[in-house]
C-alpha cells in the first residue's frame, strides 16, 4: 500500500499551466485547429485538446509533450477515434506528463496509444477510455510510470499470434517504473502472454478479467505483481501443442519473480484437457495468496495454483476444482502444486472441498522443499489430501481436519500416503467440519462445528477459511456448482 500511495502522489502532480489553453476540435473539421493532428502540433505543455462528440478517422497521430487529450462529454462512447484497422492511434515520445481521458480507441492496426516517457518517473494517466479491436496493443507504455483507471479493453489481438505479448496493455519490463491499473475490465482479448496486462512492477486493483486467452498468463503476465480485489473468470490457456494437447501456464495470472494475490476470485480458468500448469495462478518465484476463492479451475498440474517458489496460502477457499462432468482424462495432479526446491511453503486457515485429482496426486502436491499445513480443512475431495515426490520430505500437518475424502477407486483417503501417521496428533482430526451448506457453496461453519475456536483442539483456534456465518446468509460462492459446470459444457 505504501508503494501505491507514493505512485499515486507522484502521478497526480500536474505540470505548470499558467498559460494553458484548450483546443476545441469537432469531427466536421471546425474548431480552433483542424484536424486533430494540427491541434496536437500546436498545443504546448499544459494545454488540453478537447474532442467534441463524434467519430474521427485520423491515424498515426503524434502528440505533443505534456498535453491532455479528452473527450468533451466525459463519456467514451460519445468520442470515438476509429482507425479502421488501417493505421496506428496516438503516439507520444519524450513525454514528461501526458493525460488521456474519456475516448474510445477503435480498431487500430499496431497500437491505440503508445507513450514513450523521457525517464522512468514520467507520469501517464489514462482514465475512462475504451480500447477495442486492436491488432497489436491497446496501450503500449515505455519508461513512463502510469495510472490506468476505469478503462475497458475488449477484443484486442496481439499480432502476429505466437510472437507478441500484451494485447490490451503492454507495459515496460525494464527500469523502475511502477504501473497502477485500477477498476478496469478486460474481455475477449488474445495474446501469446498477458492478454489483459503484460509488464513489470504492476499494481492491479478492482479489475475484472473474463474470456481472455493466451499461451501464458491469459489475464496477467508480469514481474513483481500485486493483485487485489479482482475477478478472473473463464480465462483460457491455448499454448503450443504437446502430444496433441495444448500446453500453457497460468490461466489467469503468470507471475515471474514475486506475486501477491489478495481477496480475488478465480472461476473456471485454465483448460479442460491439456498439459498446463496453474489453471488459475502460476508463479515462477515466491508468491503470497490471501483471502481468495478458487472455484472450478482446470489444469494438468495445479488446477488452481502452481508455484515454483516458496508459497504462502492463507485464508483461501478451493472448491470444485478439476471436476469435469465427462470424467476429464486430463484432470489435475493437485489442486495446489508446490514445486519449489528451496524455501518453505505454508498453507494456513484454508478450506479444500469437493476438488478432484487423478493418479496418486494429492489435493496438495509437494515438491522437494518442506511444506507446512496448519489450521486447514480437507473435505469431500477425490484423491489423497497430501502427496509428495519420492525424494521429498513429508508435509507437516497441524490443527487440520480431514473428512469424507476418497481416492478415485472409492477408498477412504482422509489420512493416506506419508501423512497417515499424523492423524490424531498435533491437533489433527477426522471429524465432520459441519459447513453451513457446501452443496450451495456456503463454507461457513455451523455453531457446533469442531472447527470453530471454541470447539477446536486446545491451542488451534479457527480451522479452515471461514468461521461461523449464520448458516442462512449469502454464500461465498454465489451460484451452485451445477450452474457453474453448465457454463463450461
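Brief remarks follow.
- Applying 1/(1 + (r/R0)^6) with R0 = 35 Å to the Cβ-Cβ distance of residue 93 and residue 229 gives a FRET efficiency near 0.50.
- Residues in segment 397-431 that a label on residue 455 would reach, taking backbone N under 16 Å of a point 7 Å out along Cα→Cβ: 400-404, 429-431
- Label point distance in nm, residue 60-residue 372, each placed 7 Å from Cα along Cα→Cβ: 6.1
- Where only C-alpha atoms are counted, convex hull volume of segment 16-154 per residue in Å³: 88
- By the beta-carbon count within 10 Å of each Cβ, the least crowded to most crowded order of 141, 364, 65, fewest first, is 65, 141, 364.
- Gap separating the Cα centres of segment 73-122 and segment 337-391, nearest whole Å: 46
- Taking 275, 443 and counting other C-beta atoms within 10 Å, the order from fewest to most: 275, 443
- Highest mean packing comes first when the peptides 214-224, 447-457 are listed by Cβ atoms within 10 Å, giving 214-224, 447-457.
- Diffusion constant of segment 253-489 at 4 °C, which comes from Stokes-Einstein with the Kirkwood Cα-pair radius and 1.567 mPa s, µm²/s: 75
- Within segment 383-415: backbone nitrogen closer than 15 Å to the residue 430 label point (7 Å, Cα to C-beta): 383-386, 400-407, 410-415
- Rh (Kirkwood; distinct C-alpha pairs) - segment 369-468, Å: 13.9
- Given their separation in residues at 0.36 nm each and the Cα-Cα distance between them, residue 86 and residue 183 gain 31.9 nm when the chain is fully extended.
- Value of relative contact order over segment 253-489, rounded to a whole percent, pairs C-alpha under 8 Å and six or more apart: 13
- From least to most packed, judged by other beta carbons within 10 angstrom and beginning with the fewest, 146, 392, 283 follow the order 392, 146, 283.
- Model label points for residue 206 and residue 38, set 7 angstrom from Cα along the Cα-to-Cβ axis, are 4.1 nm apart.
Where a number appears in this text, it was derived from the coordinates with a stated rule and is not lab data. Quick caveat: nothing in here was measured; it's all calculated off a predicted structure. Here Cβ is always computed from backbone atoms with ideal geometry, including for glycine, and neighbour counts include all displayed protein chains.
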